[in-house]
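**Q** Take this structure, written in structure tokens, and hold onto it; I'll ask about it next.
The values are calculated or read from the model by the stated rules, or taken from the named source; none is laboratory data. Everything quoted here is computed from the prediction, not taken from an experiment. With ideal geometry, Cβ positions are generated from the backbone for all residues, glycine too; neighbour counts draw on all protein chains shown.
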Amino acid sequence: MISINDLVQTRPYSAVRDSIEVDPLREVDALQEAQLLDSRVCNLTSTAALLFELRTSLQFEVGNSALLVVRGLRSFDWKSSAKHVPLTALTVVSSVPDRLGESFCARFAFFPDAHLAVAGDLAEFYVLELEGIGDVPPDYSNADLKQVQDALPSWSSACSLLQMSISR
């Protein structure tokens, strides 16, 4: 097993045997109904990483989480409404990958109202399996933040790699 954070720091990890069935790096709306749990931008390494919940996804039959890593980061543009909302997951309503010359780009729309556009030289997408997080995501309305976080993937979570895709 490897930690999710190790995947972000490794360039690129290639010990995955299975090819990806649904490829968010090439297919529009491949991440529909997945939930964005967290994002990280490292200026030192020009890397952005997006951590997704897959247990709610419409497209993925294997894995319970996923990681999108963009290397050679050129832009990371996050927009959301200014209003305060209760603790809730950001659900993907649209995901659009694209190539602009030598760059990989992806645009996401989320519910509640948020948008993300990210661009870089290279993108990697990993389908992951974490043990101990259950078959369904936590109920955000009946739990405190600590209880919710304990039932979700995190950067330090140990995982098995099931599938991967690289966009150069």
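**Q** Can you work out which of the residues in the stretch 76-89 that are in a strand (DSSP E or B) and out of contact with any Ser or Thr (no Cβ under 9 Å at 6 or more places or on another chain) is surrounded by the most Cβ atoms within 10 Å (Cβ to Cβ)?
**A** Selected residue: 80.
**Q** Considering (1) farther than 26 Å from residue 61 by Cα; (2) out of contact with any Lys or Arg (no Cβ under 6 Å at 6 or more places or on another chain); (3) among the small types (Gly, Ala, Ser), say which one residue 119 fails and leave the rest.
**A** (2)
**Q** Would you mind finding the one in 58, 44 that is in a loop (DSSP other than H, G, I, E, B), without any contact (Cβ under 8 Å) to a residue 12 or more places away in the chain and of a type in the set (A, V, I, L, M)?
**A** Testing whether each residue is in a loop (DSSP other than H, G, I, E, B), without any contact (Cβ under 8 Å) to a residue 12 or more places away in the chain and of a type in the set (A, V, I, L, M) leaves just 44.
**Q** Could you check residue 7 against (1) at negative phi; (2) surrounded by 20 or more Cβ atoms within 10 Å (Cβ to Cβ); (3) part of a loop (DSSP other than H, G, I, E, B) and say which number it fails?
**A** Against the list (1) at negative phi; (2) surrounded by 20 or more Cβ atoms within 10 Å (Cβ to Cβ); (3) part of a loop (DSSP other than H, G, I, E, B), residue 7 comes up short only on (3).
**Q** A further question follows. Is at least one residue of the stretch 62-74 without any contact (Cβ under 8 Å) to a residue 60 or more places away in the chain and either within 15 Å of the chain's Cα centre (by Cα) or over 23 Å from residue 5 (Cβ atoms) (or both)?
**A** So far as the stretch 62-74 goes, yes, one or more of its residues are without any contact (Cβ under 8 Å) to a residue 60 or more places away in the chain and either within 15 Å of the chain's Cα centre (by Cα) or over 23 Å from residue 5 (Cβ atoms) (or both).
**Q** If you don't mind, there's one more thing I want to ask. Residues of the stretch 144-168 being farther than 17 Å from residue 38 by Cβ and either touching a residue at least 24 places away in the same chain (Cβ under 8 Å) or touching a Ser or Thr at 6+ places or on another chain (Cβ under 9 Å) (or both), which ones?
**A** If the condition is that a residue be farther than 17 Å from residue 38 by Cβ and either touching a residue at least 24 places away in the same chain (Cβ under 8 Å) or touching a Ser or Thr at 6+ places or on another chain (Cβ under 9 Å) (or both), then 160, 161, 162, 163, 164, 165, 166, 167, 168 are the ones that fit.
**Q** Right, next: Mind telling me which of the residues 63, 72, 101 ends up being exposed (fewer than 14 other Cβ atoms within 10 Å of the Cβ) and at positive phi?
**A** 101
**Q** Would you pick out the residues in the stretch 95-132 that are outside any strand (DSSP E or B) and either basic (Lys, Arg) or modelled with pLDDT of 90 or more (or both)?
**A** 112, 113, 121, 130
**Q** Sticking with this one: Looking at (1) over 18 Å from the mean Cα position of the chain (by Cα); (2) modelled with pLDDT of 90 or more, which is the only condition residue 153 fails?
**A** (1)
**Q** Now for a different question. Would you mind stating whether residue 92 is of a type in the set (A, V, I, L, M), over 19 Å from residue 139 (Cα atoms) and not in a loop (DSSP other than H, G, I, E, B)?
**A** For residue 92, the condition - of a type in the set (A, V, I, L, M), over 19 Å from residue 139 (Cα atoms) and not in a loop (DSSP other than H, G, I, E, B) - is not met.
**Q** I'm trying to understand the selection: among the residues of the stretch 125-158, which are surrounded by 14 or more Cβ atoms within 10 Å (Cβ to Cβ), of a type in the set (S, T, N, Q) and closer than 22 Å to residue 70 by Cα?
**A** 154, 157
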